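Take a look at the structure set out below.
The values are calculated or read from the model by the stated rules, or taken from the named source; none is laboratory data. Note that this is a predicted model, so its numbers are computed, not measured. Cβ placement follows ideal geometry from the backbone for every residue including glycine, while neighbour counts extend to all protein chains displayed. The protein model used for the area step is the full one, side chains on, heavy atoms only, and it has no ligands, DNA or RNA in it. Shrake-Rupley method; radii C 1.70, N 1.55, O 1.52, S 1.80 Å.
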Amino acid sequence: MSRVISLPVRRVAVPLSLVGVLAVTACAPAEDDADSAADGSALECTPDSMETLEEGTLTVGTSTPAYPPWFVDDDPENGEGFESAVAYAIAAELGYDDGDVRWASVEFNNAIQPGPKEFDFNVNQFSITEDREEAVDFSSPYYEVRQAVVALEGSEAAEAESLADLAEVDLGAQVGTTSYHAVEELIEPADEPQVFNTNDDGKLALENEQIDAFVVDLPTAFYITSAELDDGMIVGQLPALDSDNEEFGAVLDKDSPLTDCVTAAVDTLREDGTLADLEQEWLAEVADAPELS
């Protein structure tokens, strides 16, 4: 699955600072300028102007191991997998070459806790929530996602046809995730769901029949059941939490001076079709799973 994601992106990419100049030249109103900061001032998003951890370098965080289909071969640097490709596309939009991007390993929970960060931005399937926004900044969303239930064929959970059916089985999810929140809020299990530090830990518990079902985001569920579990299956996908779409965004330090620039880059990638192209390339096999209600 070898590919170079920077070339197609950079053929069409225009530095954000230049986009701002073009917008002014076209006499666009300031409030409609996509390259204006939240306070209305003009954005200057170049490697020379942005306050990154290391001058001339963009440090991107994610956890270890880095799972498919978000990353490939546990190697964020190779540009393969949806979130790796998105990170390099954001970097290119901000004027960074691939060689100017450095990856930092950061545990999921540590990335969304208050306090100084070891990254400029982080991509690790972070759902944008109000609670998390009290501790960190988010970019605008780069992916809309649903949660799904994984079980072993022939198990009681595999026969579930509704949320009420799932409430009677032993469930698990990764700690601190919206997967866990979805279990509590949507399924309301009779027994407290088990919590795991990583998806690998939860998958192992499922294989060892310590839990009946494991809840993860839908693309991860498709990967687990197709490539990692011999007899795994997707029971179905859960309704959206709070009747809102669940969306992934890049995480930044609270009040980071980079938030507006990363958001502008993501917005550009969405508008020019890059995000849709990357989603089609890396997440196309995520077909419709049955809806549970």
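The table for this structure:
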| item | result |
| --- | --- |
| Filter result (farther than 19 Å from Glu188 by Cβ and open to solvent by less than 50 Å² (accessible area, probe 1.4 Å)) within the stretch 151-173 | Leu152, Ser155, Ala158 |
| The stretch 265-293: number of residues that are within 19 Å of Gly61 (Cα to Cα) and over 15 Å from the mean Cα position of the chain (by Cα) | 1 |
| First in the stretch 92-108 and free of Cβ contacts under 8 Å to residues at least 60 places away in the same chain, second anywhere and surrounded by fewer than 17 Cβ atoms within 10 Å (Cβ to Cβ) and not in a helix (DSSP H, G or I), Cβ under 7 Å, 6 or more apart | Asp100/Gly56; Asp100/Thr57; Arg102/Thr57; Ala104/Glu118; Ser105/Thr64; Val106/Glu118 |
| Residue, nearest to Thr178 (Cα to Cα), within the stretch 256-268, restricted to residues that are in contact with a Cys (Cβ under 9 Å, 6 or more places away or on another chain) and either open to solvent by 50 Å² or more (accessible area, probe 1.4 Å) or part of a helix (DSSP H, G or I) (or both) | Val262 |
| Total residues in the stretch 192-213, condition out of contact with any Phe, Trp or Tyr (no Cβ under 6 Å at 6 or more places or on another chain) and over 18 Å from Phe126 (Cα atoms) | 14 |
| Candidates Arg132, Arg102 - the one that is under 17 Å from Asn245 (Cβ atoms) and not in a loop (DSSP other than H, G, I, E, B) | Arg132 |
| Residue under evaluation Thr64, criteria (1) under 30 Å from Gly202 (Cβ atoms); (2) at pLDDT 95 or above, criterion not met | (2) |
| Cross-chain or 6+ apart pairs with Cβ under 7 Å, the stretch 160-185 first and over 14 Å from Glu246 (Cα atoms), then open to solvent by 10 Å² or more (accessible area, probe 1.4 Å) and among the aromatic types (Phe, Trp, Tyr) | Gly172/Phe196; Ala173/Tyr180; Gln174/Tyr180; Gln174/Phe196; Val175/Phe196; Gly176/Phe108 |
| Residue match in the stretch 114-126 (condition: part of a helix (DSSP H, G or I) and in contact (Cβ under 8 Å) with a residue 24 or more places away in the chain) | no |
| Options Val106, Val101: the member that is modelled with pLDDT of 95 or more, within 30 Å of Gly232 (Cα to Cα) and touching a strand residue (DSSP E or B) at 6+ places or on another chain (Cβ under 6 Å) | Val106 |
| Unique residue being open to solvent by less than 60 Å² (accessible area, probe 1.4 Å), aromatic (Phe, Trp, Tyr), modelled with pLDDT under 95 and in contact with a Leu (Cβ under 9 Å, 6 or more places away or on another chain) when the list is Phe196, Phe222 | Phe222 |
| Any chance Ala85 is over 13 Å from the mean Cα position of the chain (by Cα), surrounded by 19 or more Cβ atoms within 10 Å (Cβ to Cβ) and over 18 Å from Thr259 (Cβ atoms) | no |
| Single match in Phe71, Phe119, Phe126 (criterion: over 15 Å from the mean Cα position of the chain (by Cα) and either surrounded by 23 or more Cβ atoms within 10 Å (Cβ to Cβ) or within 20 Å of Asp267 (Cα to Cα) (or both)) | Phe119 |
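Residues checked against (1) without any contact (Cβ under 8 Å) to a residue 40 or more places away in the chain; (2) open to solvent by 20 Å² or more (accessible area, probe 1.4 Å); (3) touching a helix residue (DSSP H, G or I) at 6+ places or on another chain (Cβ under 9 Å); (4) of a type outside the set (Asp, Glu):
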{"residue": "Glu228", "(1), (2), (3), (4)": "yes, yes, yes, no"}
{"residue": "Phe248", "(1), (2), (3), (4)": "no, no, yes, yes"}
{"residue": "Arg270", "(1), (2), (3), (4)": "no, yes, yes, yes"}
{"residue": "Ala276", "(1), (2), (3), (4)": "yes, yes, yes, yes"}
{"residue": "Trp282", "(1), (2), (3), (4)": "no, yes, yes, yes"}
{"residue": "Ser293", "(1), (2), (3), (4)": "no, yes, yes, yes"}
